[in-house]
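The values are calculated or read from the model by the stated rules, or taken from the named source; none is laboratory data. The structure displayed is predicted, hence computed values, not measured ones. Glycine gets a Cβ as well: all are built from the backbone with ideal geometry, and neighbour counts include every protein chain shown. SASA here: full protein model, heavy atoms, side chains in, ligands and nucleic acids out. Shrake-Rupley method; radii C 1.70, N 1.55, O 1.52, S 1.80 Å.
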Amino acid sequence: MLSLMLVVWLAACSQEAPLVVGFLGGLSDRNSDVGESGLHGVQLAVEQTNRAGGVAGRKVRLVARDDAATPATAVRAAEELAALKVEAVIGPFSSGMAAAAVPVLARTGTLAISPTITAMELHGKDDNLIRINRTTRDNASDYAQTLLGMGQKRMAIAYDVRNQVFTESWLNEFRRFYTELGGVLVVAVPYESRVDLDFARVVADMVSARPDALLFISGGIDVARLAHQARKRAPELPIAAAEWGASLQMLELGGEMVEGLVIIENYNRHDGSERYAAFREAYFQRFNKRPDYSAVCAYDAAMVLFTAMSRRERGESAKQAVLKYGPYQGLQQEIVFDANGDTQRQVFFARIRNGEFQPLNHGSK
C-alpha cells in the first residue's frame, strides 16, 4: 500500500503545471465582434496545442478577461491577469485599450502580444509589447495611394474618438500621405460611438464639405450605420473604411448599403493553401462561423507564443524567447520581429461585392 501511494505521489509530482496564458479583449462593447473572434482564434490554438501534447509537455490553460473597450476596465482586467501570474497576455485588440493595459502588465514584467493594434504611439518601443500587425502609417499610406489612384481627390473622413489612440493616429498618417500626393482632406468629423448617436448628422457634416468620396475610421457596426446614412444622403459618393471595420458583422449589418465599399484586410480571405484551409475548416466546425481578421491574427499570436515557449531555455523571459526563436510561420505569412517586437504584414485591398469581400488587388505596395 505504501509503495502504491509513493508511485501515485511521484506521478503527480512529475506532471508539469499548466502553462497559464491570459486573453484581454473587448467582449461586451459595441465592437465586441473583434474581441469575440479573437478569443475564438486563441481558443482554437489552445485546443489544438493541447491535443498535440501541449507546450513542452505542459497543457495550456486560458484565462480570458473583458476590457469592455473602456480604459478603466482594461486596467482592472490587466491587474487581474498579472495577479494570476500568467506567462503572457494575448491582447489587447484595440490601440486605446493597449495604451491603458500594457503599462499595467509591465509592472510585473508580463508580456502582451497584440494580434491587431497598429497605432504609431505603440510602435518602435523596447517594452513588454509585441505586435502581430503592421502600423497605421503602413496602412494609411496604402489607402492614400489606392484611393487617389481611383480618382478620389477630395476626401471627407469620420472617426470614432472612443478608440482615439488608433483613429487619430490613422487620421494623421493618412492626412500626411494623402496631401503629399495631391489629395485634399476637406473635413474630418470626430464622433463618439453610442447606440443613440445621430449618424445622419455625422454624414451630413461630411457631405456638406463637398467631397468626392467618404472614408470611415470606425468599427464594423459604425461603418454599417454610416454607410446606411451615406447611401441615403449622397448615394453617388464612393465609400471606404479603415481596416478596423473589416468584420463579418459589418457585412451582415450593412447589407446592400455597403456594396462597393473599399477596405484593407490583413490576411487573404481567399487563400487556398492547405494550412489556411485546415484552419478555416477547424474554425467553422468549432464555432459555426467563418473566421475574420482578428481570429486569424489571434491564432497567429497564440501559435507564436506557444512555439517560443516550447523552445524557451531556463531563465529566459517570454519576450526574450519570442524574439529569439523566430521567425515563425503564421497561417499565411512568415512572422519576423525586430528588436522591439514589431513586424510587417502583407495586406489585401478588398471591395464588397454581392455581400462578400472580393479582391481589389493582390497586396500592398
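Just a few scattered comments:
- Matching label, semi-axes √(5λ) of the Cα gyration tensor in Å computed from the structure shown, candidates [x] 48, 21, 17; [y] 40, 20, 19; [z] 36, 22, 18: [y]
- Ranking HIS270, HIS123 by solvent-accessible area of protein heavy atoms (1.4 Å probe, all protein chains present), from largest to smallest, gives HIS270, HIS123.
- Here the spin labels are modelled as points 7 Å beyond Cα on the Cα-Cβ line, and at ASN354 and VAL161 they lie 4.3 nm apart.
- 17 Å cut-off, amide nitrogen to a point 7 angstrom out along GLU121 Cα→Cβ, residues in the range 77-106: 92-106
- The string of couplings for the range 304-320 from the Karplus curve (6.51, -1.76, 1.60, θ = phi - 60°) is 4, 4, 5, 5, 5, 5, 6, 9, 4, 9, 4, x, 7, 6, 4, 5, 4 Hz, one whole number per residue in order, with x for Gly and Pro.
- Here the Karplus relation 6.51 cos²θ - 1.76 cosθ + 1.60, evaluated at θ = phi - 60°, turns the backbone of the range 91-99 into coupling constants of x, x, 10, 10, 5, x, 6, 5, 4 Hz, with x for every Gly and Pro.
- For the range 68-87, backbone nitrogen atoms closer than 17 Å to the point 7 Å from ARG107 Cα along Cα-to-C-beta are found at 71-86.
- Computed from label points 7 Å out along Cα-Cβ, the spacing between ARG290 and ARG51 is 2.3 nm.
- Along the range 115-123 the Karplus relation, 6.51 cos²θ - 1.76 cosθ + 1.60 evaluated at θ = phi - 60°, assigns HN-Hα couplings of x, 10, 5, 9, 4, 5, 4, 9, 9 Hz to successive residues, with x for each Gly and Pro.
- Cross-link partners of LYS125 among lysines, defined as those whose alpha carbon lies under 16 angstrom from its own and excluding same-chain residues fewer than eight positions apart: LYS319.
- LEU197-ARG314 pseudo-label distance in nm [points 7 Å out on the Cα-to-Cβ vector]: 5.4
- Kirkwood hydrodynamic radius over Cα pairs of the range 258-309, then Stokes diffusion coefficient at 25 °C and 0.890 mPa s, in µm²/s: 197
- Here LYS59 is the anchor, and the aspartates and glutamates within straight C-alpha reach of less than 14 Å, apart from those fewer than 8 places off in the same chain, are GLU16, GLU47, GLU87.
- For the range 55-123, the set of trypsin sites (Lys or Arg not before Pro) satisfying both a DSSP loop assignment and a count of at most 11 other C-beta atoms within 10 Å is given as LYS85, ARG107.
- Note on ASP212 and LEU84: with the Förster distance fixed at 51 Å, the Cβ-Cβ geometry gives a FRET efficiency of about 0.45.
- Distance from the C-alpha centroid of the range 14-61 to that of the range 264-329: 11 Å, rounded to the whole angstrom.
- In this structure, the amide hydrogen of ARG61, modeled 1.01 Å from its nitrogen in the peptide plane, lies closer than 5 angstrom to those of LEU19, VAL20, VAL21, counting only residues at least 5 positions away or on a different chain.
- Hits among aspartates and glutamates - C-alpha to C-alpha of LYS232 under 20 Å, sequence gap 8 or more where chains match: ASP196, ASP198, ASP205, ASP212, ASP222, GLU252, GLU256, GLU259
- Around the amide H of ALA88, modelled in the peptide plane, lie the amide H atoms of GLY22, all under 5 Å away and 5 or more residues distant in sequence or on another chain.
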